1. Just give me the residues in region 203-215 being assigned to a helix (DSSP H, G or I) and either among the aliphatic types (A, V, I, L, M) or within 13 Å of the ligand (Cβ to nearest atom) (or both), in sequence order.
2. Consider region 225-242. How many of its residues are among the aliphatic types (A, V, I, L, M) and within 14 Å of the ligand (Cβ to nearest atom)?
3. Kindly provide the set of residues from region 174-202 that are closer than 20 Å to Leu126 by Cα and either near the ligand (Cβ under 10 Å from one of its atoms) or surrounded by fewer than 24 Cβ atoms within 10 Å (Cβ to Cβ) (or both), ordered by number.
4. Would you mind listing the helices (runs of 4 or more DSSP H) fully within region 10-94 where at least 1 residues are of a type in the set (Asp, Glu)?
5. From the list Val245, Val222, Val218, which one is at pLDDT 95 or above, of a type outside the set (Phe, Trp, Tyr), within 11 Å of the ligand (Cβ to nearest atom) and not in a helix (DSSP H, G or I)?
6. Looking only at region 217-228, decide whether some residue is surrounded by 21 or more Cβ atoms within 10 Å (Cβ to Cβ) and more than 29 Å from Gln89 (Cβ to Cβ).
7. Looking only at residues that are over 9 Å from the mean Cα position of the chain (by Cα) and surrounded by 19 or more Cβ atoms within 10 Å (Cβ to Cβ) in region 115-138, which one is farthest from Pro88 (Cα to Cα)?
8. Can you go through Leu98, Leu93 and tell me which one is under 14 Å from Phe60 (Cα atoms) and either without any contact (Cβ under 8 Å) to a residue 60 or more places away in the chain or within 16 Å of the ligand (Cβ to nearest atom) (or both)?
Amino acid sequence: MAYLFETFTGWQTYCKKHKVSLVQSVIDYEISEKGATREAIMAGVAANYQVMKEAVATGFSEDMTSRSGMINNSAKKVYHSKKTVLSPQFQQLVARALSAKEVNSCMGRVVAAPTAGASGIMPGVLYTLQELHNLPDEKMHEALLLAAGIALIIEHQSSLAGAVGGCQAETGSAAAMAAGAIVYCLGGRTEEIFNAVAITIQCMLGLVCDPVAGLVEVPCVVRNASAAAIANSAAQIALAGVDSVIPVDECVEAMGEVGESMENRYKETALGGLATTKTGRQIAKRVLIRDIDILPDQES
Ligand code: SF4
């Protein structure tokens, strides 16, 4: 089977030609690449979705204080806040994305979708969507496969790593995957799915990777929440039939171009942006001193 996931246009053309759905094409690809059965692939996807849901639950039920202290149970605070900005569902979406990501920052078990730094976005979005629309698990599993196809193309054309393309590549890609998944679950057409991906990328373009003290905590956790919100707004726009104007493949290309031109200090090096603010530097110093203090005595 020829490599399918080079461009969105190519993916769509392949599916039309072979009369298969986007999701089925990902399954076929997995079968041909890994020699796995359909049952084994679907079981793997189901297991991953279960881990995502457990991560959301863990963030709410266990203490989520990171070693640095920068992460301190923000998901619980948002979930139980008496002040609701839009709707209880929006509040839950934000809280769930925070929750799963906090589990990652506290060294818990998550699904890197597509990376650990962006591991709160898909769980927050899918969990909330499923609950709101009473969708069966099978639909969510299909949505995860569709999202995997989206990620493969972005990785091929641009990057999924903050160290290569900045945060746009990590949280931006996760948000694009989530937006496509939402539109798919709500019965959107291929064009609408791709528009949602394109609109999300347009909204996340240029975001730098600047983790304070080099830890995947600040701003990573809150960016997962905002990316989840953007995924939903992009899906809403696309489902209304609004065109992205710039086709999705060109948006991905633009992301690659912006990532390439980004200075290294904005690519997970903690040498720019929030990481080098006065407070960011103070935190980095404190974390470093504490880590040296707890190193085993080399001379004993
Ligand atoms: S700031 Fe960097 S480390 Fe944090 S989520 Fe974004 S890409 Fe990942």
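The values are calculated or read from the model by the stated rules, or taken from the named source; none is laboratory data. Note that the structure is predicted; figures quoted are calculated from it, not measured. In this analysis, Cβ positions are derived from the backbone assuming ideal geometry, glycine residues included, and neighbour counts consider all displayed protein chains.
1. Pass one, region 203-215, residues assigned to a helix (DSSP H, G or I): 203-204, 212-214.
Passing the criteria: Met204, Val212, Ala213, Gly214.
2. Applying the first criterion (among the aliphatic types (A, V, I, L, M)) to region 225-242 yields 225, 227-231, 234-235, 237-240, 242.
Add one more test, that the residue is within 14 Å of the ligand (Cβ to nearest atom), and what stays is 225, 227-228, 230.
Here the count works out to 4.
3. Initially, region 174-202 is screened for residues closer than 20 Å to Leu126 by Cα, giving 174-190, 192-201.
Across region 174-202, the qualifying residues are Ala174, Cys185, Leu186, Gly187, Gly188, Arg189, Thr190, Glu192.
4. Per the criteria, 22-34, 38-61.
5. Working: Val245 fails: within 11 Å of the ligand (Cβ to nearest atom); Val222 fails: not in a helix (DSSP H, G or I).
Unique residue meeting the criteria: Val218.
6. no
7. First, the residues of region 115-138 that are over 9 Å from the mean Cα position of the chain (by Cα): 124-138.
Applying the additional criterion that residues be surrounded by 19 or more Cβ atoms within 10 Å (Cβ to Cβ) yields 124-129.
On the way: Gly124: 14, Val125: 14, Leu126: 16, Tyr127: 14, Thr128: 11, Leu129: 13 Å.
Once the filter is applied, the top-ranked residue is Leu126.
8. On the way: Leu93 fails: either without any contact (Cβ under 8 Å) to a residue 60 or more places away in the chain or within 16 Å of the ligand (Cβ to nearest atom) (or both).
Going through Leu98, Leu93 in turn, the sole match is Leu98.
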